[in-house]
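The values are calculated or read from the model by the stated rules, or taken from the named source; none is laboratory data. These figures come from a predicted structure and were not determined experimentally. All Cβ positions, glycine included, derive from the backbone under ideal geometry; neighbour counts span all protein chains shown.
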Amino acid sequence: MRILMIPKLAIEIGIDHGDPSGSRYEDIIQAIQCVSLSSDSNIEYLKSGLEDYVLKHNHRLHNICHSCFPDREHLKVGTGVACCSKSGRNAGQVLEAVIIISQLSKSTSPSCIPVCCGKTEVLYYKDFSPCLISRPSLNALTSIDWKSYGLTLRSYSDENSDALLEWENLPLGFHIDIVLHRYQKQYPSAIVMLPANQKDTTERSLTRKAVKLALDNLKEKNAGVLLTAQTLKIRSYAPDLARTLAGLILSSNDSNFQGECLSLLGLQPQKIKSEAVENCIKERLLSVIDLNDRKPQRNQEATPYLFDDRFYKEHNCLDDYEEGEEADSSLYL
Amino acid sequence: MEGNNSISRPSDMLIRIRDFTRSIIKGMCKEQSSFVVHIDRFRNYCTDSSGHCCCSSYTAKGKELITLQRECHVHRLDVLLRVLLIVQQLLQENKHGSKRDIFYMHPSVFREQSVVDRAINDICILLQCRHNLNVVSVGKGLVMGWLRFSEAGRIFDCINSPNSAHPVPVNVEEVKDIMSVAKYILIVEKESVFQRLSNDQFCKKNQCIVITGRGYPDVPTRRFLRLIIEKLCLPTYCLVDCDPYGFDILTTYRFGSMQMAFDAKFLRISNIQWIGVFISDVDRFSLPQHCLLPLTNEDKSRTEALLRRCYLEREVPEWRLELELLLQRGVKFEIEALSAHSLSFLSEVYVPSKLKGELQM
């Protein structure tokens, strides 16, 4: 409930099983810290709730861990909301997703290290109550192309607990938190009994959409995060490309040309150092590369060749020994 | 491809390099970045057997779009820009460097010489220039015979010693004062055949020029050959092994290579005549059957690929028939097999009989 941060929720009823050692629900009714949010939307509360959850190390602490998180900006957050707006029995279904990426430093205290390293416990809420993740939502999570976000899902499980996603090769200290909340917009008055398969399909597609929106939102707000493996390789070329381009500009014996290029880059020509030019070009290149990474995959695959590269490769089968000093002429002697 | 035979000055090249660099910086700085480098694509053959292809024209057949979306593109761009920076320095300092020199400046990035060669071709296409980048090749061609010329003020008098090999000049632009009393030019595929003719004093007995590219001819060899043919207006004959490699070398002289397709118009030799060796020569010259070697599977697949080239049917159908015969018979035949009669059979009998106009293509 502390994650949902529902401002109007006042009371939660718990039943004591008669444990003579004391109430087992000592903490169950807890004042939610007053959070002033500009928006009245549930997603903002959900986001705030998950941020608190992460900043307090999964609520193991009562207060924010300032040693790990000097400020909230250390968290990288993405949100996504998918609604079923079609008319009919599914209308009003909403699925909200919040994803937070946090990175702890190498000097983190052992008590701050997450219990499940390399794993994400997916918190799931339905109609404002915590519950076990539904099968359609779990299927949706496992069907997402995580590689297009630079992540590789190794395995998942959901036995008697929240769903657990296990990742491959997460950097040290890197952690992903996910919360999903499915509800009916006009709750509780608009609960409709739907055929099971219809509900499942709707929930699966809503979950997929909301999670992808959250991932895209996170990428858009945080440069260099959730990049595909190919983008990371391309980024590695940026320093060399920048150095060469800076060389082409600064080693030119045409000062007007130098001035024009520096002006295009937004740099002052006077007393400019090559390192500054390189860094500027590198940042521009990285910006282009990251922008390409955020483009839909179908656009990246449809490479705009006007001449298919495969043709060139097929018809060069005899041109292995060609041109230049290194042509192998030993076959002919 | 512009530029034809006129030489662009270094200052022109430097302007083009600056224009190209400026366009990259502009593309990178646009709000919705459109970082794309367009490189014209040239080809001198395809596999369209209908005869309706446009390979015989020298225009670009499409464009390659180099972006920052694929790693192979980015690597190609990295190589191209590194070579371009070196070229800019060479032009500004009025120095020359070889392709091999350039390779050793960044060997871990370039990895192979062919990568540098391709980058230089890309730059020639981008800047629409021909070999004016102050980048030179170490030529591997050889020439001998009744020819005299000068290169950068140095005189090469092959006539004084017509059976001595001279290296083909690399800076063809600086070749001048070409003089010859030769009656024809003979191109031979291999250095071994060139040496055979030299040892047999072929040019003393036959008033000709003999040239070899020592396998696949490099650009300086092809440019030099084209130059002397144009200047001297001599018939040109070609002698290659009867196998897929030999045939491919023949077509390189005749039609140009795919790698240099952008410059094919100025490198190809349209009036070349193929004098041998042919499968039929075995019977014609009563050579033993063991001179014919079986084609390997690789030879067969290469021959099949050659047969698909569009220009064969269109322009040299008789060459294509000979190649088909090679594939049908499943055998190949090397020039050296002529030594089955005698070492000098090539120079004293075979070539002279071919040049009498009886047995050519």
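So here's what we get for this one:
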| item | result |
| --- | --- |
| Qualifying residues in the stretch B:97-155 (those that are part of a helix (DSSP H, G or I) and of a type in the set (V, I, T)) - the one nearest to the chain's Cα centre (by Cα) | B:I120 |
| Extreme residue, farthest from B:L126 (Cα to Cα), among residues of the stretch B:20-33 that are at the interface with chain A (Cβ under 9 Å from one of its Cβ atoms) and at pLDDT below 80 | B:Q32 |
| First in the stretch B:72-94 and facing chain A (nearest Cβ under 9 Å) and touching a residue at least 40 places away in the same chain (Cβ under 8 Å), second anywhere and outside any helix (DSSP H, G or I) and surrounded by fewer than 22 Cβ atoms within 10 Å (Cβ to Cβ), Cβ under 6 Å, 6 or more apart | B:L77/B:I66; B:Q92/A:N253 |
| Members of the stretch B:314-347 found to be farther than 17 Å from B:P294 by Cα and outside any helix (DSSP H, G or I), listed by number | B:V316, B:H341, B:S342, B:L343, B:S344 |
| Considering residues of the stretch B:127-138 that are surrounded by 19 or more Cβ atoms within 10 Å (Cβ to Cβ) and touching a strand residue (DSSP E or B) at 6+ places or on another chain (Cβ under 9 Å) only, the residue nearest to B:R76 (Cα to Cα) | B:V135 |
| Any hit, the stretch B:319-334, residues being of a type in the set (V, I, T), crowded, with 18+ Cβ neighbours inside 10 Å, within 14 Å of chain A (Cβ to nearest Cβ) and in contact (Cβ under 8 Å) with a residue 40 or more places away in the chain | no |
| Test result for B:R100, out of contact with any Gly (no Cβ under 9 Å at 6 or more places or on another chain) and surrounded by fewer than 19 Cβ atoms within 10 Å (Cβ to Cβ) | no |
| Residues being touching a helix residue (DSSP H, G or I) at 6+ places or on another chain (Cβ under 9 Å), within 10 Å of another protein chain (Cβ to nearest Cβ) and not β-branched (V, I, T) - total across the stretch B:95-118 | 8 |
| Residue within the stretch B:210-223 that is within 19 Å of the chain's Cα centre (by Cα), in a helix (DSSP H, G or I) and under 30 Å from B:E324 (Cβ atoms) present | yes |
| In the stretch A:215-243, the residues that are of a type in the set (A, V, I, L, M), more than 15 Å from A:G80 (Cβ to Cβ) and touching a residue at least 60 places away in the same chain (Cβ under 8 Å) | A:A223, A:V225, A:L227, A:A229, A:L232 |
| Unmet requirement for B:I279, which otherwise passes all of (1) at pLDDT 90 or above; (2) surrounded by 14 or more Cβ atoms within 10 Å (Cβ to Cβ); (3) of a type in the set (V, I, T) | (1) |
